[in-house]
Amino acid sequence: MRHDVIERYELGWMGVSVVLVVLLFVGVLASMISDTLPGVVESRTRFVDPAHLETTAYAKPGLHEENGELHAYVVARAFTFTPSVLTIPAGRRVTFHFTAADVLHGVQIEGSNINFELIPGHEGVASATFRTPGTYTSACNEYCGAGHQNMAFKLIVENAK
Amino acid sequence: MTSTPLGGPDTTPDVRGRGHGYAAHPHKKVTLYFLATGLLALLIGVLIGPLQALNYAGVDVYSHLPFLKSYYQGLSLHGVLNALVFTTFFISGLLLYLPCRELGVRPNLIVAWGAYWTMTVGTALAAVPLLTNDATVLYTFYPPLMGHPLFYIGAAMLVAASLVVGIQTVTIWWGWKRRNPGRVTPIVTYMSVATWMMWFVASLGLVVEVLVFLIPWSLGITKGVDPLLARTLFWYTGHPIVYFWLLPAYVSWYALVPRQMGGRIVSEPLARLAFALFLLISTPVGFHHQYTDPGIPALWKVVHMLLTFLVAVPSLLTAFSVAASMEYAARLRGGRGWIRWMGRLPWKDAIFTGQALAMISFIFGGAGGIANASMAIDAVVHNTAWIPGHFHITVGTATTLTFFAVSFWLLPHLTGKKLASPRVALWSVWFWFAGMMVFALGMHWEGLLGIPRRAQISAAGPELQAVYHKAAVPMALTGISGMILLVGAVLYFGVIFATLLGRREAGAQEVPVPFSEQVAAAGKDGRVHAMTRVLENLWALFFVALALVAVMYGPELVAMLLNQHPVPGARLW
């Protein structure tokens with residue numbers, strides 16, 4: 001094995017590596033543009049005072065219709081989600097708003113790409129359309145204390161009546 | 001084609017029977033203390049591991065344990081001892097000792113021992129609240145969960161002591177440079193200094209988080225901490241810290257393994273390039289741990305994603321270069337064919353095999369890391385069992401198994417005692433490798449099924465148990481892997497204890513530090529590779545790295561600092 005030969009191969013390999021990772025990067029951008037990744041752009045940097053949630057849109061957690069659009073507000077607090085069961089209609093776009101009231105929590109809605117780190121003072125916002133009726137159960141996915149393993153959020157998707 | 005390593009490595013022979021080599025090399029002793037203390041922390045941390053594996057198999061042992069209050073207390077100990085304490089001690093010992101021997105310089109022993117004792121006292125202080133269940137905040141200690149002040153103070157001492165060792169190593173290198181103008185830094189020293197400089201840049205976030213925010217807050221001096229700011233500072237350090245764990249393994253793979261398998265370093269200039277790239281772009285990538293955090297603009301997440309993909313390039317270079325060194329060595333040993341040469345490598349030697357298996361695990365770990373860089377994949381796997389699956393084959397195998405293999409020659413080298421049982425040593429690395437492979441398979445699989453990470457799922461209610469049932473097969477794999485790893489750990493620590501407690505050999509030859517020679521040396525015949533000459537300016541690279549971090553983190557961090565929303569602490573365990 002000669003050094004200069006190895007070095008030539010190695011530089012070639014480096015070129016291949018750079019092209020590979022740039023292609024992967026472009027692929028992820030494409031997936032963001034094609035709306036398979038909800039919540040990235042919608043989560044605005046707006047402060048939601050966790051000590052006074054009653055003065056915010058989270059005063060009445062649950063599903064609301066605002067100007068013909070469905071919005072769901074969910075508050076995570078040790079060790080429950082409020083509401084812990086949320087029922088939404090199948091086939092309609094729903095904008096989910098999550099926040100945390102005390103410490104960090106996390107939620108990943110089963111069967112979707114919605115996955116939020118819930119941080120007191122901030123809200124995770126994502127729109128999604130659930131087409132298949134059913135029950136989607138998620139556990140809190142960020143350690144929040146002794147009852148963490150039993151903190152569950154259930155989404156029920158129903159056919160419109 | 002051959003050359004001797006540059007810089008006049010310290011070849012002073014040890015005189016046995018008189019101070020067991022400590023007379024010629026008094027820094028052997030402090031190195032030994034660093035390594036042994038790190039391994040002791042690892043032993044305790046590792047013994048908790050099987051309990052966690054059983055939890056993920058749905059078996060709740062914690063409710064019946066007298067000495068641990070909860071799964072979360074066990075997990076806090078496991079994470080802190082293995083990922084923070086073991087690594088910091090071992091690396092501080094290794095990356096001070098190797099450059100000193102390569103340059104033929106003795107470190108200031110007062111500074112080195114001072115760092116050792118600061119680190120040890122810090123660890124002991126942090127251990128108290130961990131053991132009394134007063135700092136069950138896991139090794140990420142995200143506020144507003146608030147641990148006992150001693151936990152944060154001890155952690156700060158651990159990090160501060162590592163920085164002292166780093167500054168000492170860089171100072172030694174700089175002194176050598178000034179005494180040897182125009183000479184190229186030898187490869188191991190170059191890599192070590194680049195690693196320490198990277199750690200200087202990288203540790204800033206953690207230092208500010210703990211000193212400015214967490215310690216005053218936990219002492220009651222300040223009322224609250226902004227949780228997003230704290231998380232951002234944590235992950236500023238939290239990603240590059242994985243390179244602080246990985247790069248010492250790379251030092252061994254690049255510069256020591258070639259000699260250990262009877263070959264040479266095939267490509268030195270590109271090895272230097274890889275470390276220079278790590279120094280530059282290890283740090284400004286931390287937002288990839290916060291893709292799902294609200295409150296950070298999408299644009300910055302995308303910029304950090306691009307840099308995260310790019311930081312894979314030096315690892316891909318390493319894969320090529322180390323594999324080429326292996327093939328070179330195998331062909332020198334008579335290896336033939338496209339694949340068959342691999343059989344000629346010294347597979348009966350635990351020092352080689354441990355590191356080769358570590359490299360194989362890192363093929364999977366590194367590939368998983370590239371996948372995790374993607375925001376799209378992250379939405380699926382964030383905070384799931386996938387993540388611990390990933391880092392157990394990176395830091396848990398690539399780093400840890402390499403350190404196991406290093407300890408097989410370094411402990412005999414430092415103590416003058418023979419490795420107790422090379423055969424058991426060989427078995428231990430195979431068990432560790434097999435266990436981690438099964439573990440990673442189970443955990444990655446569970447993650448794709450949405451099983452959350454670090455939850456006491458074995459104690460969850462029936463509703464969630466019904467959901468977790470879909471992951472029964474991978475969960476069983478996790479449980480089995482815990483048992484395989486327990487066997488590996490018992491074998492490994494058995495060999496280590498038997499070695500350290502064994503008899504010192506009278507008149508034995510010193511186990512050499514396996515500094516490798518190069519196929520083409522960086523500074524041979526006065527012809528220095530153009531790239532090597534440029535990369536020799538480590539200080540310039542260091543300041544470029546700082547500038548890059550200022551650009552990539554500055555705007556967001558300044559905005560967060562000026563617009564804080566502190567939240568009071570809570571103890572919820």
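Read-outs: derived from the displayed coordinates by stated rules, not from any lab. Computed from a predicted structure; not experimentally measured. Don't worry about glycine lacking a Cβ; one is built from the backbone with ideal geometry, like all the others, and counts go over all protein chains shown.
On average, how many beta carbons from a partner chain sit within 10 Å of the beta carbon of a residue in B:137-148? Average neighbour count from other chains, rounded to a whole number: 3. Would you please classify the overall shape of the stretch A:46-158 from the alpha carbon gyration tensor, given that a ≥ b ≥ c denote the square roots of the eigenvalues, rounded means a/c under 1.5, and beyond that prolate means a/b larger than b/c while oblate covers the rest? Oblate is the answer for the stretch A:46-158, as a/c is 1.5 or above yet b/c matches or exceeds a/b. Rounded to the nearest Hz, the phi-derived 3J(HN,Hα) couplings of the stretch B:34-41 under the Karplus curve 6.51 cos²θ - 1.76 cosθ + 1.60 (θ = phi - 60°) are 4, 5, 5, 5, x, 5, 5, 4, where x marks glycine and proline. Angle, helix A:3-33 long axis vs. longest principal axis of chain A, Cα atoms, 0 to 90°, nearest 10? The angle comes out near 20 degrees. Using only the Cα atoms of the protein assembly as shown, build the gyration tensor, take square roots of its eigenvalues as a ≥ b ≥ c, and label the shape rounded, prolate or oblate: rounded if a/c is under 1.5, else prolate if a/b is larger than b/c, else oblate. Note, shape of the protein assembly as shown comes out prolate.
This ranking places B:R231, A:R77 by how few other beta-carbon atoms lie within 10 Å of each, fewest first, which gives A:R77, B:R231. Cross-link reach is defined here as a Cα-Cα straight distance under 16 Å, omitting same-chain residues fewer than 8 places apart; for B:K417 the aspartates and glutamates meeting it are B:D14, B:E505, B:E510. Oblate is the label for the stretch B:403-542, because a/c, from the alpha-carbon gyration tensor with a ≥ b ≥ c as root eigenvalues, is 1.5 or above and a/b does not exceed b/c.
With respect to the cross-link table entries B:K69/B:K301; A:K154/B:K301; B:K301/B:K470; B:K69/B:K418, which display a Cα-Cα separation exceeding 31 Å? Listed pairs above 31 Å: B:K69/B:K301; B:K301/B:K470; B:K69/B:K418. Listed by chain and number, the aspartates and glutamates whose alpha-carbon sits under 18 Å from that of B:K177, ignoring those within fewer than 8 places in the same chain, are B:D10, B:E102, B:E536. The residues neighbouring B:A230, those whose beta-carbon lies less than 13 Å from its own, together hold a net charge of -3 under the Lys/Arg +1, Asp/Glu -1 convention. When the alpha carbon coordinates of chain B are projected onto the principal axes, the ranges are 67, 50, 49 Å, largest first. The 3J(HN,Hα) values that the Karplus relation (6.51, -1.76, 1.60; θ = phi - 60°) gives for the stretch B:195-210 are, in residue order, 5, 5, 5, 4, 5, 4, 5, 6, 6, 3, x, 5, 4, 5, 4, 6 Hz. Gly and Pro appear as x. With runs of 4+ DSSP H residues as the only contributors, calculate the mean residue ellipticity of chain B at 222 nm using -39,500 (n - 2.57) per run, divided by the residue total and rounded to the nearest 500. For chain B, the value works out to -21000 deg cm²/dmol. Rounded to the nearest 10 degrees, the angle from helix B:472-500 to the longest Cα principal axis of chain B is 40 degrees. Taking amide hydrogens as placed 1.01 Å from N in the peptide plane, the amide H of A:S127 sits under 5 Å from those of A:G39, A:F96, each at least 5 positions away in sequence or on another chain. Summing Cβ point charges (Lys, Arg +1; Asp, Glu -1) relative to the Cα centre of the protein assembly as shown gives a dipole of roughly 2460 debye.
Coupling constants for the stretch A:120-137 follow from the phi torsions by the Karplus curve (6.51 cos²θ - 1.76 cosθ + 1.60, θ = phi - 60°), and in residue order they are x, x, 10, 10, x, 10, 8, 9, 7, 10, 9, 9, 9, x, x, 10, 10, 10 Hz; glycine and proline get x. The simple spin-label model puts a point 7 Å past each Cα toward its Cβ; for B:R331 and B:A559 those points are separated by 5.3 nm.
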